[in-house]
Amino acid sequence: MARKTLWVSKIKDGTVIDHITSGHALDVIRILGITGRSKGVVTVAMNVPSKNLGVKDIVKVEGRELNSKEVDKIALLAPHASINIIRDYKVVEKQLVKLPSVIRGIVRCANPSCISNSDEPVEAKFYVDCEEPLRLRCHYCGCVMEKADALKQF
Ligand code: CTP
Ligand code: ZN
């Protein structure tokens, strides 16, 4: 089917998070701390046909750019996402999210007796065994976390 219309309109200034793994648009909204009571236009598109992904979600946030922690969290859920910075209607920067092979400080280990959950401040550290489906392995206790475990923390 040929595309005749835009799914959602272009934005003037802000960030477009495109190619989000379908099903995760609302998780991205939560990661960004968008409550629905904040100002600024936010548009969400779900299950939009995509050439590469079959279907994808898109989130557009006007008047806002993302910090690196937000981008890292999005990478855990949507390893194919692209972050487009828009200024005066133009894409001035396009960043493909990238999961590093070692992840520090974004998620906590699910094992309560892991040393990274003790009172001593030891930063959580995980190895990315698999990006999709997500599989993180704790450096300290070997406990394996999946996407659903990470999602509970966002
Ligand atoms: N976009 C937008 N408002 C603008 C400019 C772009 O909402 N003023 C959106 C586009 O609709 C698209 C994304 O930002 O979802 C990236 O724009 P662009 O790079 O022009 O699109 P593509 O070339 O299709 O991107 P890609 O190659 O990453 O698929
Ligand atoms: Zn652990």
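The values are calculated or read from the model by the stated rules, or taken from the named source; none is laboratory data. These numbers come from a predicted model, not from an experiment. No Cβ is skipped: glycine too gets one built from the backbone with ideal geometry, and neighbour counts run over all protein chains shown. In case anyone asks, the SASA skips ligands and DNA or RNA and just uses the protein heavy atoms, side chains included. Shrake-Rupley method; radii C 1.70, N 1.55, O 1.52, S 1.80 Å.
Centre-to-centre separation between the Cα atoms of the range 108-154 and those of the range 20-69: 25 Å. Between Asp88 and Ser38, the contour length at 0.36 nm per residue exceeds the alpha carbon distance by 15.8 nm.
What angle, in degrees between 0 and 90 and rounded to the nearest 10, separates the Cα long axis of helix 68-77 from the longest principal axis of the Cα atoms of the chain? Roughly 90 degrees between the two axes.
The share of alpha-carbon pairs in the range 67-133 lying farther apart than 13 Å comes to 70%. Could you tell me which residue out of His19, Val122, Pro49 lies farthest along the dipole of the chain toward its positive end? Charges go on the beta carbon: Lys and Arg +1, Asp and Glu -1, centred on the Cα centre. It is Pro49. If you take the Cα atoms of the chain, find Rg, then find the Kirkwood Rh from the mean of 1/r over all pairs, what is Rg/Rh? Reported Rg/Rh (Cα atoms, Kirkwood Rh): 1.02.
Projected area of the range 14-96, taken from the Cα convex hull and averaged over every viewing direction, in nm²? If you can, show how the numbers build up before the last one.
Details: hull surface 20.4 nm².
Taking a quarter of the hull surface, the average projection is 5.1 nm².
Sequence-ordered 3J(HN,Hα) estimates for the range 97-114 from the Karplus curve with 6.51, -1.76 and 1.60 and θ = phi - 60° stand at 5, 9, 7, x, 6, 10, 10, 10, x, 9, 10, 9, 5, 7, 7, x, 8, 5 Hz, glycine and proline given as x. Assuming R0 = 22 Å, can you tell me the calculated FRET efficiency for the pair Ser101 and Lys152, based on Cβ-Cβ distance, to the nearest 0.05? For R0 = 22 Å, the calculated efficiency reads 0.45. For GluC sites (Glu not before Pro), the sites in the range 14-83 that DSSP calls loop and that have at most 15 other Cβ atoms within 10 Å are Glu65. 3J(HN,Hα) along the range 134-144, derived from phi through the Karplus expression 6.51 cos²θ - 1.76 cosθ + 1.60 where θ = phi - 60°, amounts to 4, 9, 10, 10, 5, 4, 8, 10, x, 4, 9 Hz, with x in place of Gly and Pro.
To put it simply, the accessible area of the chain at a 1.4 Å probe is 52 percent carbon and sulfur.
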